[in-house]
Each structure stands twice: as C-alpha cells, then as structure tokens.
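All remarks here apply to the structure that follows.
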Amino acid sequence: MLEGLILSIDAMGGDAAPAIVINGIEKFLKSTGQGRAARFMLHGDETQIKTLLKKAPLTAARCEIMHTGDVIAMDAKPSFAMRRGKGTSMWNAVESVKNGDALVAVSAGNTGALMAMSKLLLRTKEGVQRPAIAARWPHQQGFGVVLDVGANLDCDANQLREFAVLGEAYYRALYKKERPSIGLLNVGTEDKKGNAIVQAAHDSLSCSKLDLNYVGFVEGNDISMGDVDVIVTDGFTGNVALKTAEGAARLVGTFTKEALQGNLWSKLSSALNFVALKKLNEKADPRTGNGGVFLGLNGIVIKSHGGTDALGFSNALAVAIELADSTFLDEIERTLEALHDEDESLDIALK
C-alpha cells in the first residue's frame with residue numbers, strides 16, 4: 001500500500017490517455033528529481049498501464065495500479081456520466097480523495113463529468129453555491145489566477161463575489177502573497193460599464209468588509225499584464241478568454257518559428273540567440289499554465305486540459321503537489337467563514 005503524499009490519477013482521462021498520463025508522470029519525476037516524495041494511484045486499464053510503465057521506470061517504482069476497465073468518454077454528457085460513472089477511472093480517482101486514500105485527484109478527462117462527480121462525491125463547502133475552475137495564467141511577473149474558466153456558464157452577482165473570495169484564498173495559499181489584488185473582468189474600467197450582474201458584483205465587492213484587496217474593473221488585456229493577481233468572471237467568458245489566449249500563443253509561436261527559419265541569416269541569428277528564444281518559448285507555451293483547480297469542494301481536484309501532452313500533464317501534477325503541500329483548504333475555510341459572517345450581518349441589518 002502506498003504511503004506519504006499520494007496523488008490519485010485518472011489514467012484513462014484525456015484525448016491521448018493513458019500514454020500522456022504515464023509519460024507526464026515520468027517527465028514530472030525527472031524534472032523534480034527522484035527524491036520527490038509523491039506516490040501515484042493509477043486508476044485505469046491495468047494491461048495498458050503496465051505496458052507503458054515498462055518505459056517509465058520512475059513512475060513504475062512510485063505507483064499502484066487500481067484496475068478498472070470502465071472509462072468516461074470525452075464527449076459524454078454529464079448526466080450520462082453520472083448514471084454510468086460509478087466504477088470508472090474518473091469516479092475512482094475522485095473517490096480515493098473522499099476516502100482519504102489520496103490528497104489530490106488529477107484528471108484530463110471530460111470536464112463536465114469530472115465536475116459533476118467531484119461535486120457529488122466531495123460535496124461543496126458550506127456556503128458555496130457552485131464550485132469554480134481556477135486557471136493559472138502566465139503574465140510578465142509570473143502567474144495570475146482567472147476564475148471561472150468553464151464550470152458555470154451563467155453566474156449571478158453573489159457567485160462572482162464568492163469566486164473572488166475563493167480565488168483570493170487560492171492565490172494566497174499557492175503564491176504566499178498576503179493580500180493578492182482582485183479585479184472583476186468587464187468591457188471597460190469605468191464604474192458605469194457592464195451589465196447588471198457585473199455592476200451588482202462590483203458594488204458588493206467595493207462595499208465588502210472582508211479586507212479584500214479589490215481594485216475594481218479590469219479589461220481583457222489586463223489578464224496578461226500582471227497588474228492584478230486574481231481576475232473574476234463567469235465560466236462562459238473565462239473559457240472563451242482562455243481558449244483565445246491559448247490559440248493566440250500558438251499562432252505567435254508559429255509566426256516566430258517561420259520568421260526565424262526564413263533564410264540563412266535568420267537561422268544564424270536564432271542559433272546565436274538560442275537560450276533567449278528557448279526562455280521565450282517556455283514563457284509563451286500554454287502548457288506551462290495547465291492544471292485548473294476546482295475551488296469550493298471538500299477536497300482537491302485538478303483538471304488538466306484534455307488535449308494536453310506529457311509536458312502539460314506534468315505541469316498539472318506540479319500544481320497538485322503545490323496545493324497538497326499548501327494551506328489551501330484551510331485558507332478557503334477561513335475566507336468562506338468570513339464571507340458567511342458578512343452575509344449574516346447584512347441580513348440582520350436589512351431586517
């Protein structure tokens with residue numbers, strides 16, 4: 001039986017699973033050193049996993065295979081997944097966290113199904129209406145956090161305020177910043193801009209006594225500038241922004257590669273600037289920010305991009321380790337308790 005810091009992995013989740021999962025774990029272990037304390041519970045088809053482990057010695061030495069032949073398809077509807085989900089690799093990965101056998105669950109599988117199962121098995125924390133997916137977003141100073149990026153397509157003002165509290169606690173635990181700044185995504189920074197929901201959320205956050213470092217409205221271009229640590233929006237807007245940014249990063253990468261290979265002089269210049277160009281590619285690579293966190297649950301679940309490769313999955317594992325080592329859940333509890341107290345005070349005042 002595994003002991004220590006254990007990650008529960010849905011080995012069959014993802015467009016190219018289980019290969020990218022096993023290769024991703026191997027890459028993660030190589031990049032962090034063989035002395036890393038993490039162990040892995042691999043939920044999935046034992047035959048396929050054992051075949052892949054023959055070429056992944058570090059992973060083979062640190063894992064336990066929990067066989068199941070049932071898998072949730074990437075295009076399955078959440079309702080279907082919930083009816084047929086029990087006993088699948090995704091279900092078992094999350095259930096291991098519920099049972100206390102692992103600290104974190106990681107899956108690159110169907111997002112809707114993973115959210116539905118996680119919510120059913122782990123339940124939401126008291127006071128949380130809906131969990132949100134928080135994504136790390138690379139910018140000039142390092143990483144910011146954007147939420148929601150896909151869990152809740154429609155949100156009311158109270159949910160956006162709740163996301164601000166969850167995102168602030170997440171950033172504080174992950175990046176050790178005492179008072180991270182929070183912005184509300186809008187079509188402009190002027191107070192009168194935006195729809196009624198965004199306006200109501202802005203008013204609520206501006207008047208809050210939670211001691212949040214709320215800076216007001218921000219625009220789409222502010223996400224990548226690094227002036228704000230946590231950016232709050234609904235899941236529809238957040239997901240569109242995330243996919244747009246990923247596509248733009250790939251397009252710029254393609255243009256850069258074409259320009260540097262255009263002629264002999266370009267090739268020579270790129271060779272001379274190899275180190276600088278490598279750093280540029282690493283910073284612009286969407287895979288560096290892979291690994292969204294379901295905030296608001298009684299447990300930690302990481303959602304890797306379904307179409308990622310081994311490098312992207314290894315970065316999702318790095319997020320899992322950081323959260324497992326952090327005071328993340330305690331920070332969430334503390335901020336939700338403060339939010340609940342503020343709501344109660346407001347109810348009393350209105351009466």
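Close Cβ contacts (under 7 Å, 6 or more residues apart or on different chains) running from residues in the range 161-176 that are within 12 Å of Ala132 (Cβ to Cβ) to residues that are part of a helix (DSSP H, G or I) and among the aromatic types (Phe, Trp, Tyr) comprise Tyr170/Phe328.
Here is the figure for the range 193-207: residues that are of a type in the set (Gly, Ala, Ser), surrounded by 15 or more Cβ atoms within 10 Å (Cβ to Cβ) and either under 21 Å from Asp227 (Cα atoms) or in contact with a Phe, Trp or Tyr (Cβ under 7 Å, 6 or more places away or on another chain) (or both) total 2. Applying the condition of being touching a residue at least 12 places away in the same chain (Cβ under 8 Å), surrounded by fewer than 24 Cβ atoms within 10 Å (Cβ to Cβ) and out of contact with any Pro (no Cβ under 7 Å at 6 or more places or on another chain) to the range 98-112 and asking which residue is nearest to Ala76 (Cα to Cα) yields Thr111.
Assess whether Asp203 counts as being more than 23 Å from the chain's Cα centre (by Cα), more than 24 Å from Phe328 (Cα to Cα), part of a helix (DSSP H, G or I) and among the charged types (D, E, K, R).
On the way: more than 23 Å from the chain's Cα centre (by Cα): yes; more than 24 Å from Phe328 (Cα to Cα): yes; part of a helix (DSSP H, G or I): yes; among the charged types (D, E, K, R): yes.
The answer is yes for Asp203.
Across the range 182-201, the number of residues qualifying as modelled with pLDDT of 90 or more and more than 20 Å from Ala134 (Cβ to Cβ) comes to 3.
For the range 63-76, filtered to residues that are out of contact with any helix residue (DSSP H, G or I) (no Cβ under 7 Å at 6 or more places or on another chain) and not acidic (Asp, Glu), the residue that is nearest to Gly150 (Cα to Cα) is Met74.
The values are calculated or read from the model by the stated rules, or taken from the named source; none is laboratory data. Worth saying up front: this structure is predicted, and the values here are computed from it rather than measured. Here the Cβ is made from the backbone with ideal geometry for all residues, glycine too, and neighbour counts use every protein chain on show.
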